[in-house]
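The values are calculated or read from the model by the stated rules, or taken from the named source; none is laboratory data. All values derive from a computational prediction rather than experimental measurement. Note that each Cβ is placed from the backbone with ideal geometry, even for glycine, and that neighbours are counted across all protein chains shown.
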Amino acid sequence: MSGYETPELSGQLLAFLDEGVAPVTAEEARARSDSRPNRRNSIQWNHRRSSLVLAGAFALVLAVGVIALVSVTAGSHTSHSTRPPGHQLFVARLVPEIKATNTQLDRASGVVLRRLQLLDQSGVRATVSNGSIIITTSGEVSKLRSMLADVLAPGHLLFRPVLCAAPAFNPKKGTGVKSAPSAGILPASCPAANQLTAANLGVNTNTGVPQLNVSPWSALAGYPSTRAADDIATHTVLLTAEPNSGFAGERLLLGPAEVSGGDVSSAQLEYNSPNWDLDLTLDPVGSTEWNTLADRQFHAFIGFDVDASLISAPLTEPSQATFASFGDKVQISGGFTHTTANELAIELESGPLPVGLRAVSSAVGGARQ
C-alpha cells in the first residue's frame, strides 16, 4: 500500500481512529437530531397551475460544492481483507460556518449521521472535538464526497403565507438598495389591491384556477431577493420562485413562517406513475398550526421555503367550495424523480442542521488499495 502523509491533522485523525469510537446507531442519531420514526400516510393536497413540484429547486439547494477532507491509512483497525476492492477509509473534518457550542455541534453530528444512514451508508462514526466534527466511514471516495455534499445542505423548510407578487429586481426603482436587504427591512404587508387573497383571486372550483388577475406590487422592484443568511422564520422575505414551483421565476413576498420542517414527523416516498410523491405526517403541534394556516389561506397560496429557495407555492384546495381539514397528513405530488423526492424526504426525516457546516481541505491525504 502506498500513500502520502496527511499534514497537520494526520496525527489527530489517526489518534481519533485509534480510540476506537463506537459507531452511532440509527436510534442514537435520531435522538441527536430530534427526528422521529417513520409512519406511512397519503393524502392529496390540491394545487395551482401544475402539480406541487419541489424537485428542481431542491436538487439545486442540495448541489452544495463541498470538498471532504480524506485520509487513508493502513492502521491495525482496518485491513485489506475487511474492505472490498476500491474501498478506502474516509475521514471528513466538518467545521461550523459560525461559532457554535458543543451542544449545537453534537446535534449537528446527529443530523449528518442520520442523513448518511438514510442514504444507506452504514458503519459511520462521529465525534465532536476541538470545535469540529470528525466523520469516519469507508467506501468509494468519490461517492462518499458526493454523498457528504448532499447531507451538508442546511435543510430549513418553512411554510409561509404568500402575500403578493413582486416585479423583477431593479435597483433604480425607489429604495436604492443594491444588495439583498437584511432581515426586517422588507414591508410587512402589501396594498389591498395587490394582495393574493381568495377574494382577489376568485378561484373557480370547477377548474381549480383563479379567474382574476392580481398585479405585482411595483414598489417591490427596488428590493433584491432575500439572502439565505436573512431567511429568518419570524420575518417577511422576498424570494424568487423556482421554475417548477407553479410561479415559474416570479418573485413573491411571503409572510413570517407559521409551520416548519421541524413539525414534520415523517416523510415517505410513494410511486404514482410516472412520478414519485412525498407523503408527510405532521406532529400534533404542526398539524394544528398547518390547518390554521391552510384555513386562513383557503383559495390562496402557501409558499414552501427551503434555505431561501421558493420551491413551491400551491393554491390551497382550489377544487373545494369550503375548507376541509388536512388532519396530520399531506401528500406533495408532481414532477419528482426518485432521487429528488428521496433527497427532500431525508432532509425532513433528519431535521435541519442547527448550524451550517463545511468540510475543510486544509490537509488532504490518500492511497489506493
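Here are the numbers for this structure:
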item: Selection from region 280-308 of residues that are surrounded by 22 or more Cβ atoms within 10 Å (Cβ to Cβ) and in a strand (DSSP E or B); result: Leu280, Thr281, Leu282, Phe301, Ile302, Gly303, Phe304, Asp305, Val306
item: Residue in region 143-150 that is of a type in the set (D, E, K, R) and under 19 Å from the mean Cα position of the chain (by Cα) present; result: yes
item: Residue in region 296-306 that is of a type in the set (A, V, I, L, M, F, W, C) and modelled with pLDDT under 90 present; result: yes
item: Residue list for region 232-285, restricted to those being in contact with a strand residue (DSSP E or B) (Cβ under 7 Å, 6 or more places away or on another chain) and among the aromatic types (Phe, Trp, Tyr); result: Phe247, Trp276
item: Extreme residue, modelled with the lowest pLDDT, among residues of region 198-223 that are assigned to a loop (DSSP other than H, G, I, E, B) and surrounded by 18 or more Cβ atoms within 10 Å (Cβ to Cβ); result: Tyr223
item: Subset of region 242-263 [of a type outside the set (D, E, K, R) and modelled with pLDDT of 90 or more]; result: Leu252, Leu253, Leu254, Gly255, Pro256, Ala257, Val259, Ser260
item: Cβ-Cβ under 6 Å pairs, at least 6 apart or on other chains, region 228-254 side more than 13 Å from Phe304 (Cα to Cα), far side among the acidic types (Asp, Glu); result: Ala228/Asp307
item: Hey, Leu118 over 15 Å from Leu348 (Cα atoms) and under 19 Å from the mean Cα position of the chain (by Cα) or not; result: no
item: For Cys164: the one exception among (1) at pLDDT 90 or above; (2) assigned to a strand (DSSP E or B); (3) in contact with a Ser or Thr (Cβ under 8 Å, 6 or more places away or on another chain); result: (3)
item: Selected residue (only one of Arg160, Arg115, Arg125 is in contact (Cβ under 8 Å) with a residue 60 or more places away in the chain and surrounded by fewer than 21 Cβ atoms within 10 Å (Cβ to Cβ)); result: Arg125
